[in-house]
Every structure is written in C-alpha cells, then in structure tokens.
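Take a look at the structure below.
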Amino acid sequence: MGEPGEAASRAMAREGAIVPERELEFGVGAALRWSVARDLRLALRSRSELGVQLMFYVIVVTLFPLASTPERTLLAIMGPGVLWVAALLASLLSLPRLFASDFGDGTLEQIAMSPYPLPALVFGKIVAHWLTTGLPIVLLAPLLGIQYGLDATALTIVTLSLLVGTPILSLLGAIGAALTLGVRGGGSLLALLILPLYVPVLIFGAGAADAVRAGLSASANLSLLGAGLLIALVGAPLATAASVRIALD
Amino acid sequence: MRPLGGQRRGASRKRGGSVNLYQLASPATFYPFAGKLAPWFAIAAALLTIAGLWIGFGIAPTDFQQGEAYRIIFIHVPTAWMSMFIYLVMGFWSILALTFNTRLSAMMAQSLVPSGALMTFIALWTGALWGRPTWGTYWAWDARMTSELILLFLYFGVMALRNAIDDARRADRACAVLTIVGAVNIPIIYFSVQWWNTLHQGASVSMTAAPKMASIMLMGMLVMAFAAWFYTIAVSLWRVQAIILERERGAGWISARLGLAGASR
C-alpha cells in the first residue's frame, strides 16, 4: 500500500509522498485505510486539541443543572436531551478541524489530485474524525448520565443512541465543513448550515430515551437512527467530495 | 456540457427567430425573455391578489367556529405552500446547475432564495397571528410550525453561504450542494418533527381537526396560491435580470443592450 511510513509528516505529504505508489489499481479500501491511518496519526499528535473538545462537552453538560435546577426528577427528564445537545455542539466545534489545516497547507489539494477516489479518502477522514471526537463523547455519556440521575436502562439507551447517532453528525457535518472551507466567517456559518440538518438526528436520538421513559420501546427510534446512518454513509461522502472539489477550484 | 455557455455570444443575434430551450439557457437570450415575461406575471399576480382577497374577505362566509379570524388562511396557507414549493424548485435548478454546469440555472436558484425566505416568514408570522385567537397561543411546538421554522433556517443558510463566498461560480455550486442536501433532508425533518410531536402529546393542538372547508373558501385559497406563485415568478425573473446584469457586466451584449458606448466598468 506504500504507507508513508511512521515518520511521515505533513511536510512530506506536501512534497507529494501522499500518493501511495506501489500498485496500479487505486482501490477504495486502500484509500480508506491510508486516509484513516493518516488522520488518526495526526489527531494523536495534537492530543490537547482533542482534550479541549471533550472538556467542552463535559462543561456544557455541567452547565445545564446550574442554569435550571438540581432537582433529580427534572434532571432525569432533561438528561438525554442535554447530552444530545452537548454532543451536537461538541461535534460542531470540532468540525472545522476536519479539513481546515489540510486546506490551509495545500495537502487537501494533493489529496484531491491523487488517483484514488476522493469520496473514499474523504470518508476515511470522516471515520477518523468520528473515532477521535464522536467515540469519546459516546464513552463519556454514561458517566455524565449518572450526574443526571439516569437509571441503567436510560443510560444504556442514551449511550446506544449516541453510538448510532454521532457518526451521522460527523458525516453531515463534513459536508458543511467542506462547503465553508476558506470562506468568510467559516465557523459561525458552519453552525447555521449544519444545525438545521442535525434536527432529525437530535429528535430520534434524544427521543429514544424519551420513548423508554414513556413506557414505549426505543427500537423504533434506534432503527430510524440506523436508517439515517445508512443514508448518510452513502450520500455524505459523495456530497463532501463534491464540496471539497468546489472549494479547491 | 460547455456548449450551453459557449452559445451565449451568438445567441442574442438569433432573437426574433424561434427560440429553443437551449438558447434560453444563455443569459444573453434569457435577459430580454425574462424582461418580456415578468410584467405579465406581475399583472396576473396583482389581479389574482385582488380577486383572491375579495373572495376571502368579501364573499367567503364567517366561520362558525373561528369567527373572522380564520380569514388569515387566505394569506397563511398559500404562502406556506409556496415556501415549500420554492425550495423544491430551487432544488431542481440546483441539480441542473451541478449536472450541466449552466450558469443560468444557478442564477435562477439564487433568484428564488429571498422569495422563499419571505414566504416562509409570512407563513410563520400569519400562523402566529392566527394561532393566538384560535388556540390561545402565538407559538406551539406543532410539527408543521417547527418544520416551517427549520425551513426558514435552511433558507437563511443558503443566503449566508452565498454572501460569504466572493467567487460567484464557487458560490453557485456550493449553494447548489447545500440546497440539494437540504431538499433531501426536508421530508426527514418533517416526519421526525411530526413523530416527536406525537410522542410529546402534552401541548398538542390539532390543525387537521378543522371542519370541512366550504368550497368558496377553498376557491379563495387557490386563487391566492396562484397569486403568490405568479408574484414569485415575476419577482424572481426581475431578480435574475439584476443578477445577470451584475455578473455579466463585462460582457459586450450588456453595453450594447443598455446603449452604452464602451464596456461598462
């Protein structure tokens, strides 16, 4: 696969080592693996940045009881929604990182020029983004849920819904991140573009725990989230790749 | 698919002959065509508005449940219809703009955005004014109202993205992608909000339980819907003319058309 090697850095990438060279066929799998590995490596080298995003998530969740009430029955009702809104905001906060630095130093242009399919390369970036920002949010959710006095079933359902839902946030967000590349007021514009599109995810995600509380099954919510995930998996990489090309023109 | 754009220099010469659709895709041909059509749509819109308001406020009987307050539907329902319809039309032009890379399609999509946002805003505003006497509240988290509000956010998003990008061609295509993604999302948003609303039955207000509408009321609403439609067509044609003038200000045909000596600016 011609991996750029352990010591490969952004500088090397800029010099064109970015295109894996060995084989003739330029497959989706190879592109995906390379892209995920590269972005994960880059993310692990800027761990403090990831830490800041997680802290943001934790702090937002902590603010809600302070702003409303410490009463346990109310908190148990609000809990899933608060966790979800905080996950939305944390995802939004991390999105500009997805393409901005690669766009800034020209790496993105090199990536787009490689013979590998751009949707696959972009999808790899999205996967890495979810692994570094979405997954920690999912893993932290049970802990924060306990602060809100959620019981075991509610904790399970919220965590499960976040597990299915946060990838959709990364996938949809990638479209917005690519559209706002190098654009005036990128960050706040991204919020305006993406948050309305997040609405169904928020409703089904937070609704799963609500349904359980109302004595219904969460399976309908979770199935719909899963269906949304499938649609986003198919559509979002293509739309993101198209947006990246538009941004690079 | 460049030929569409490539024809634009010669196209204006063919004016007067039979105009086919491909020629209309060129801004130089479309500009006078839009100028000719727009006033007719504007006149039709004005006449239909007068007729529709006359039916709505003069002829239609007072509703025995809601009294006179119901008459706001003659403005509310047509604008709500248009708000969704305009987004679909924008989606259509956006798909054309992306697949054929035609400039005029993107300009059409751009020209529709303000009208769409206006219709959505009027629908929300009149809905609030209607809700107060009928349900006793300006705002309820009803499925339609909530998704209409999100539709307004989508319109604002397209406008903001357009304004944030200086290069018109890049803005065209970025807005086209955003519009299409939004169009795919609109039904999902609608059904998600509706379901969320039925799960939280607490403050439910039923808009569908209204009694069967008298045919004269339906007639008034349809006439007003056509008025809103024709108004949108007229205004967006004028707006697309302005967009063409602004974007093609360097083109020779514009200075020729406006009777300027040299190329303007």
Run lengths n ≥ 4 of DSSP H only: what is the helix-derived mean residue ellipticity at 222 nm for the protein assembly as shown, with -39500 (n - 2.57) per run over all residues, to the nearest 500? -25500 deg cm²/dmol
Sorted from fewest to most neighbouring beta carbons within 10 Å, what does the list B:Arg71, A:Arg47 look like? A:Arg47, B:Arg71
May I ask for the distance between the Cα centers of segment A:27-63 and segment A:204-240, given as a whole number of Å? 23
Out of the chymotrypsin sites (Phe, Trp or Tyr not before Pro) in segment B:132-165, which ones are loop residues according to DSSP with at most 13 other C-beta atoms within 10 Å? B:Tyr138
Between segment A:75-96 and segment B:142-180, the alpha-carbon center distance in angstrom: 24
Can you pull the mean other chain C-beta count within 10 Å for peptide A:182-194? 4
With springs connecting C-alpha atoms under 10 Å apart, model chain A as a Gaussian network and identify which of A:Val61, A:Val127, A:Val183 has the largest mean-square fluctuation. A:Val183
Taking the Cβ of each residue in B:Ile165, B:Ile254 as the centre, tally the other Cβ atoms inside 10 Å and list the residues starting with the fewest. B:Ile254, B:Ile165
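Since every read-out is calculated from the coordinates, none of them should be taken as a lab result. This one's a predicted model, so the numbers in the text were calculated from it and none came from an experiment. Glycine also receives a Cβ, built like all others from the backbone with ideal geometry; neighbour counts cover every protein chain displayed.
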